[in-house]
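Any read-out appearing in this document is the output of simple, stated calculations on the displayed coordinates, not a laboratory observation. Treat the numbers as computed from the prediction; the structure is a model and nothing was measured. Here the Cβ positions follow ideal geometry from the backbone for every residue, glycine too, while neighbour counts run over all protein chains shown.
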Amino acid sequence: LDDTIIALYQNGEPLMPGNGYPMRLLLPGYEGNMNIKYLRRIKLLPEPAFSYWESQIYTEPLPDGKAYQFYFVNEVKSFITKPSPGVGLKEPGLYEISGLAYSGKGRITKVMVSADGGQSWGEAALQEPVLSMAFTRFRMPWRWNGGPTVLQSRAWDDGGNVQPTRAEFVAARGELPSVPPLLAFENHHFNAVTTWAVDQKGQVTHVYA
Amino acid sequence: MFTPRSVSLAAALTFAFGSSFVFAAGPDLVKPISQADAAAWDIDIEPSGAGLPSGSGTSDQGAPIFAEQCSACHGDGGRGATTTTSGAPAAPPVVSDVKRNGIDDTTLTIANYWPYATTLFDYIRRAMPWTSPRSLTDDQVYALTAYILVQNKLIEAKQVINAQTLPKVEMPNRNGFIPRFPERMPPR
């Protein structure tokens with residue numbers, strides 16, 4: 001935690017109220033809930049307090065009956081933001097696929113993009129500055145021929161960590177019997193490859209692949 | 001009130017945006033809080049029992065308190081409610097014999113999941129009742145803690161819960177957890 005700061009300013013002005021004015025904790029790479037807003041005091045304890053939230057909500061149950069705890073770090077992840085559900089394609093032609101990658105363990109070194117459901121991959125360009133534990137924008141030119149297809153991205157970081165495929169993630173972590181509600185707390189740390197299906201009208205939907 | 005880090009951050013931001021800007025004068029944080037004022041916030045309980053106040057309670061004492069203060073949202077006997085009297089979303093059950101089913105979060109309960117019973121006291125005192133947290137006395141919180149533990153068959157019916165007995169309650173899933181990143185854990 002040598003990079004932890006107590007943040008008073010953002011972009012040259014005091015924190016906005018919604019961001020925790022007058023000060024908040026900033027823990028690079030850690031999940032959002034750890035970055036405490038409206039920071040009042042810091043108390044160091046000899047052991048974890050095991051509050052309700054760290055006892056149940058921010059743990060990750062595993063298929064074998066155990067559960068991960070102290071799961072603070074967001075692992076390497078990427079997803080395509082354009083196109084994406086709600087941001088479709090109008091007509092066949094040249095497009096730029098772009099998206100975001102990040103890793104709570106370091107700097108993004110590579111993002112691969114597939115426009116054919118994972119059969120072939122090309123390396124995306126990373127927009128500078130590429131900083132450790134920060135959103136990294138990636139871009140890839142693409143010609144859409146108007147047919148249905150499947151878009152995916154996959155990221156690597158400088159610690160050698162690789163974003164898992166969905167199949168790899170499910171094999172290690174299990175699969176829920178049904179799609180969880182949007183506001184449910186399941187799978188906080190799901191970081192597998194996200195897949196968008198493009199139909200002939202250019203509309204984009206989330207699919208499992 | 002600038003630290004060297006915030007100064008270098010300012011320089012980095014100036015560089016990044018290619019234009020200069022100046023921070024306003026240092027943050028106006030008014031005045032340090034006194035120990036006495038901070039004490040009201042200093043209510044965290046540790047699994048060792050550190051932080052537990054004096055006082056005590058039993059399940060029999062907790063039952064009527066639960067009926068009055070808790071059952072509207074948590075249901076009769078803490079077994080969950082589908083709707084609440086106010087129309088607000090119902091709270092989860094706090095008494096359950098549901099068996100955990102794999103990774104399904106909806107099957108995680110106090111009895112089959114929580115590693116420490118001290119969490120009950122901490123959370124009830126800190127956050128309950130939802131509409132008026134911190135309104136219960138420490139004795140009432142101990143009594144509600146005892147009631148929930150008894151209803152979940154985690155302690156004997158007549159067990160007195162206090163600062164000495166609560167940390168000794170053995171929760172079934174105490175050893176059910178593993179750290180996600182063992183290499184980042186401090187040596188024990």
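A few remarks follow.
- Residue-wise HN-Hα couplings along region A:78-88, as the Karplus relation 6.51 cos²θ - 1.76 cosθ + 1.60 with θ = phi - 60° gives them from phi, are 8, 7, 8, 9, 8, x, 6, x, x, 10, x Hz; Gly and Pro carry x.
- For region A:137-209, the relative contact order comes to 42 percent (Cα pairs under 8 Å, sequence separation of at least 6).
- Whole-Å semi-axes of chain A's equivalent ellipsoid (Cα gyration tensor): 33, 22, 16
- Under 10 Å, Cβ to Cβ, from B:Asp122 - net charge with Lys/Arg +1 and Asp/Glu -1: 0
- Relative to one another, the C-alpha centroids of region A:51-71 and region B:84-159 are positioned 17 Å apart.
- Applying the Karplus relation 6.51 cos²θ - 1.76 cosθ + 1.60 with θ = phi - 60° to region A:95-103 yields 3J(HN,Hα) values of 10, 10, 6, 9, x, 10, 10, 7, 9 Hz, where x marks Gly and Pro.
- Rounded FRET efficiency, nearest 0.05, which uses the C-beta distance separating A:Val150 from B:Asp60 and R0 of 51 Å: 0.25
- Cα-based values for the protein assembly as shown, radius of gyration first and Dmax second, are 25.0, 75 Å.
- Using the alpha carbons alone, the radius of gyration of region A:47-154 stands to its Kirkwood radius in an Rg to Rh ratio of 1.12.
- Here the Karplus curve 6.51 cos²θ - 1.76 cosθ + 1.60, taken at θ = phi - 60°, turns the phi angles of region A:8-14 into couplings of 10, 10, 9, 6, x, 9, x Hz, with x standing for Gly and Pro.
- Largest-first ellipsoid semi-axes for region A:1-104, taking √(5λ) over the Cα gyration tensor eigenvalues, angstrom: 33, 24, 12
- For the pair A:His206 and A:Lys82, the difference between a 0.36 nm per residue extended length and the Cα-Cα distance amounts to 43.4 nm.
- Subset of A:Lys37/A:Lys66; A:Lys105/A:Lys201; A:Lys110/A:Lys201; A:Lys105/B:Lys168; A:Lys66/B:Lys168 violating a 28 Å alpha-carbon distance limit: A:Lys37/A:Lys66; A:Lys105/A:Lys201; A:Lys110/A:Lys201; A:Lys105/B:Lys168
- Under 12 Å from the A:Arg139 label point (7 Å along Cα→beta-carbon), backbone N, region A:60-97: A:96-97
- For chain A, a simple Cβ point-charge model (Lys and Arg +1, Asp and Glu -1, everything else neutral) yields a dipole of about 400 debye relative to the Cα centre.
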